[in-house]
1. Those residues that are modelled with pLDDT of 85 or more, loosely packed, with under 11 Cβ neighbours inside 10 Å and in a helix (DSSP H, G or I), I need them from region 131-153; list them, please.
2. Would you be able to tell me the number of residues in region 154-183 that are part of a helix (DSSP H, G or I) and hydroxyl-bearing (Ser, Thr, Tyr)?
3. Got a sec? Which of 67, 91, 86 is at positive phi and assigned by TED's automatic domain parsing to the domain that holds residue 30?
4. Mind listing just one residue for me: the one in region 102-130 that is part of a loop (DSSP other than H, G, I, E, B) and modelled with pLDDT of 85 or more and, of those, nearest to the chain's Cα centre (by Cα)?
5. Kindly indicate whether any position in region 107-114 is touching a residue at least 12 places away in the same chain (Cβ under 8 Å), farther than 16 Å from residue 33 by Cβ and in the same structural domain as residue 25 (by TED's automatic domain parsing).
6. Scan region 7-30 residue by residue and report those that are exposed (fewer than 15 other Cβ atoms within 10 Å of the Cβ) and within 15 Å of residue 117 (Cα to Cα).
7. Exactly one condition in (1) under 27 Å from residue 92 (Cβ atoms); (2) buried (at least 16 other Cβ atoms within 10 Å of the Cβ) is false for residue 33; which is it?
8. If a residue must be farther than 16 Å from residue 133 by Cβ and surrounded by 10 or more Cβ atoms within 10 Å (Cβ to Cβ), how many such residues does region 154-166 contain?
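The values are calculated or read from the model by the stated rules, or taken from the named source; none is laboratory data. Not measured: the values here are computed from a predicted model. Glycine also receives a Cβ, built like all others from the backbone with ideal geometry; neighbour counts cover every protein chain displayed.
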Amino acid sequence: MTSNIKGHIYGLIDEIAAAEKITRKKLSILSRDILLYVMESHDIDSVNRLLGVLTPMNKRAAILYFGHFLPWTQEKDKQDVFQRFGKMVKGERKVKAKADAITEWLSDPENNIWLWVEDNVKVDKKKDFAAGVKRAIKQALEGDEKTESEPLTPSQILEAVFESGIGLEDMLLACMEREEKMKESEAKLNAA
């Protein structure tokens with residue numbers, strides 16, 4: 001039975017990989033064609049429709065790509081999250097500048113969304129929340145002369161921690177884990 005499941009799983013993985021290759025290939029072609037089509041027809045809904053069928057990562061790339069080239073506004077919600085492309089921007093110079101950028105971009109037949117993303121999109125690094133919390137606590141203990149902020153006491157900091165949703169049980173568990181790690185480190189030092 002394990003080999004049947006393994007074959008099934010590997011088969012599905014291969015299908016997904018093939019589908020992703022097809023998506024990348026089709027989107028590389030479409031990313032060029034749709035620029036010309038939208039500029040001629042003003043059918044920005046075709047771009048919005050495309051965005052509706054893309055994976056989140058491909059959608060993010062497409063929003064940046066089309067936002068760079070197409071002279072249409074981006075409608076966002078109250079949290080500043082992209083919703084759709086809206087109206088064409090006002091001003092002939094702005095539209096002409098975007099049209100010229102498209103012409104220049106498409107003059108090289110190799111240019112497509114993936115090349116543009118590679119050259120223009122910076123991938124955000126994961127945030128180190130632990131380091132940020134440590135810095136914030138250290139700064140809170142020291143205070144800030146520039147803003148004339150008084151230092152907080154350890155009790156005030158712990159009260160803020162409790163208000164953030166961390167409970168006493170969480171803190172006790174963390175203390176026990178820390179003590180265990182310290183004992184392990186000490187044992188390694190003594191053994192060496």
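1. Hit for region 131-153 is 138, nothing else.
2. Filtering region 154-183 down to residues part of a helix (DSSP H, G or I) leaves 154-163, 168-183.
Retained after the next criterion (residues that are hydroxyl-bearing (Ser, Thr, Tyr)): 155.
Residues that pass the stated criteria total 1.
3. Numbers: 67 fails: at positive phi; 86 fails: at positive phi.
Result: 91 is the single residue among 67, 91, 86 that is at positive phi and assigned by TED's automatic domain parsing to the domain that holds residue 30.
4. Initially, region 102-130 is screened for residues part of a loop (DSSP other than H, G, I, E, B), giving 107-112, 121-128.
Within this subset, residues satisfying the condition of being modelled with pLDDT of 85 or more are 107-112, 121.
Details: 107: 30, 108: 29, 109: 29, 110: 26, 111: 23, 112: 21, 121: 11 Å.
Among residues in region 102-130 that are part of a loop (DSSP other than H, G, I, E, B) and modelled with pLDDT of 85 or more, the one nearest to the chain's Cα centre (by Cα) is 121.
5. Residues of region 107-114 that are touching a residue at least 12 places away in the same chain (Cβ under 8 Å), as a first pass: 111-114.
Okay, now just the ones that are also farther than 16 Å from residue 33 by Cβ, so none.
No, region 107-114 contains no residue that is touching a residue at least 12 places away in the same chain (Cβ under 8 Å), farther than 16 Å from residue 33 by Cβ and in the same structural domain as residue 25 (by TED's automatic domain parsing).
6. Residues satisfying the conditions are 24, 25, 29.
7. (2)
8. Step one: filter region 154-166 for residues farther than 16 Å from residue 133 by Cβ, giving 155.
Narrowing the set further to residues that are surrounded by 10 or more Cβ atoms within 10 Å (Cβ to Cβ) leaves none.
Residues in region 154-166 being farther than 16 Å from residue 133 by Cβ and surrounded by 10 or more Cβ atoms within 10 Å (Cβ to Cβ): 0 in total.
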